[in-house]
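What follows is a set of notes on a single structure, which appears directly below.
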Amino acid sequence: MLAVTGVTKVTVTVSGIGDENISLEEFGLSEYESRVYITLLKFGQLKVKDISIRSGVPRTKVYGVVKALKGKGLVEMLGKEPVLCAPVVPEDVFAKRLNQEKMRFKRMIFAFKKMQELRRDLPLFTGCEERKYRVYNPKMFEKRLTELLSNTTRSLFACLNWWGLNVIAANIELLNSLSKEANVKIVIGTYNDEKTLEAFDSKVDIRVAGKSIEANVMVFDENTTVLLEESGRITEIEDRGVCKLTKEVIVGFYRRSLNWKKAFQIIQLGGEDLINLYSGEEKVYEAFVQAVAETVLDEETLYQIGERFVDNLATSLQVDLFSKAFEIQQPVISALMSESLGGNSSTRYDPLTRLYTLEAPMTSKGLPATIWLFALSGAARRNELTFKVLQNTSIPTEGKHVIQAKIEKKPLS
């Protein structure tokens with residue numbers, strides 16, 4: 001889910017409710033989403049314009065907020081003219097998240113007790129090389145972080161959760177300046193604040209890993225590693241071996257991540273569980289997909305592979321998206337398709353003409369090399385729709401490949 005920063009508490013004040021301070025940030029809701037959801041819990045079914053009046057969310061924003069809440073399973077839209085919005089009771093939505101957090105906390109306690117046992121049983125060795133490290137409290141580390149960023153000249157690699165991101169964002173001007181000269185890569189989890197991320201310069205390469213990030217670690221110029229604990233303990237280690245190992249772990253997350261803007265778009269469209277499956281740009285993966293795409297030249301084979309692929313995602317890997325209507329699946333799959341094909345690709349779907357257009361970098365033959373084109377045809381087939389390819393053309397003068405297909409209900413036999 002998309003969540004707001006945990007540094008400050010969201011205060012939701014809704015007209016007619018009173019001055020209640022309700023923090024929904026840990027459940028992944030923005031301030032506007034919190035206002036709308038709390039309003040619906042208080043007043044029940046409301047028209048969109050009435051939600052705006054009672055919640056204080058601007059009328060230009062409220063419909064988009066309601067759609068986002070619907071995608072998160074928190075709101076149902078009833079009727080047509082006028083549309084009524086009704087809240088889904090909290091017990092039906094948040095119980096799973098609470099149980100997950102309880103299990104995570106239990107695992108943390110178990111791991112901590114095991115570490116204590118290992119420490120007690122640790123034998124005293126002779127002839128060992130002693131390594132030094134520094135420990136800071138949060139106030140002391142503020143100054144030290146500024147020094148580290150100021151002295152960094154080549155690279156900064158970081159893996160951060162929402163708390164760690166806000167720690168480093170306190171020096172955002174310095175970080176933005178550093179990104180113009182050095183290689184700055186930051187991997188974050190899915191629970192982060194979009195407003196904080198938008199403040200970073202575009203040269204700061206921020207990507208979202210397909211799961212929550214529970215650790216906060218930074219490597220400066222490959223010679224200083226910093227570990228941040230939410231308890232307030234900050235450890236600095238100057239050891240190149242530690243830095244090399246830590247950097248390799250961060251780079252591993254980076255290779256299996258998405259650009260943060262694209263990731264947040266997919267999350268808002270309801271495709272968070274698909275981000276967990278995203279495998280990045282591995283060469284073997286690309287070569288296999290390219291081979292399949294160049295081999296499939298007829299619609300029936302495209303259907304068969306696509307339908308089996310979607311079936312596996314829906315059953316074996318339990319991706320919930322494919323149990324929803326095609327109108328919900330299509331924009332999520334299209335966003336993943338565009339990301340996998342690179343920045344020069346685009347997708348368009350006209351619901352009136354039912355025409356779907358994909359423009360991608362030119363291929364030698366066959367179809368563009370993306371598994372998500374197969375997923376789209378399979379999703380259409382599972383929803384009793386056809387995916388009839390009308391155009392499959394390479395345009396060398398423009399360096400692009402164009403696929404145009406008609407998506408419509410299957411004719412009655």
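The values are calculated or read from the model by the stated rules, or taken from the named source; none is laboratory data. Predicted, not measured: the structure shown is a model, and the values here were computed from it. Glycine gets a Cβ as well: all are built from the backbone with ideal geometry, and neighbour counts include every protein chain shown.
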The residue from Val75, Val62, Val57 that alone is surrounded by 11 or more Cβ atoms within 10 Å (Cβ to Cβ), closer than 20 Å to Leu321 by Cα and in the same structural domain as Leu29 (by TED's automatic domain parsing) is Val75
(1) modelled with pLDDT under 90; (2) farther than 13 Å from Leu228 by Cα all hold for Leu145 apart from (2)
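Residue-wise test of (1) more than 21 Å from Phe264 (Cβ to Cβ); (2) out of contact with any helix residue (DSSP H, G or I) (no Cβ under 9 Å at 6 or more places or on another chain); (3) touching a residue at least 40 places away in the same chain (Cβ under 8 Å); (4) assigned by TED's automatic domain parsing to the domain that holds Thr295.
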| residue | (1), (2), (3), (4) |
| --- | --- |
| Leu313 | yes, no, yes, yes |
| Phe322 | yes, no, yes, yes |
| Ile328 | no, no, yes, yes |
| Leu341 | no, no, no, yes |
| Ser346 | no, no, no, yes |
| Leu358 | yes, no, yes, yes |
| Gly366 | yes, no, yes, yes |
| Ala369 | yes, no, yes, yes |
Of the residues in segment 87-114, those that are more than 26 Å from the chain's Cα centre (by Cα) and surrounded by 13 or more Cβ atoms within 10 Å (Cβ to Cβ) number 0
When segment 365-408 is checked residue by residue, the ones that are surrounded by fewer than 24 Cβ atoms within 10 Å (Cβ to Cβ) and in a helix (DSSP H, G or I) are Ile371, Arg381, Arg382
So, first residue farther than 15 Å from Asn161 by Cα in segment 245-260, second residue assigned to a loop (DSSP other than H, G, I, E, B) and modelled with pLDDT of 80 or more, Cβ within less than 7 Å, six or more apart or across chains; the pairs are Lys247/Glu222
> Out of curiosity, is Ile250 in contact with a Leu (Cβ under 9 Å, 6 or more places away or on another chain) and either surrounded by fewer than 18 Cβ atoms within 10 Å (Cβ to Cβ) or on the phi < 0 side of the Ramachandran plot (or both)?
Replying inline: no
Of the candidates Glu194, Glu198, Glu238, the one satisfying the condition of being over 19 Å from the mean Cα position of the chain (by Cα) and over 20 Å from Gly252 (Cβ atoms) is Glu238
The helices (runs of 4 or more DSSP H) lying wholly within segment 149-238 that contain at least 2 residues that are touching a His at 6+ places or on another chain (Cβ under 8 Å) are none
Inset, instruction - Might you check whether a residue that is of a type in the set (S, T, N, Q), buried (at least 16 other Cβ atoms within 10 Å of the Cβ) and under 20 Å from Lys406 (Cβ atoms) occurs anywhere in segment 349-357? - result: no
Residues in segment 260-296 that are within 22 Å of His401 (Cβ to Cβ), modelled with pLDDT of 70 or more and of a type outside the set (Phe, Trp, Tyr) total 9
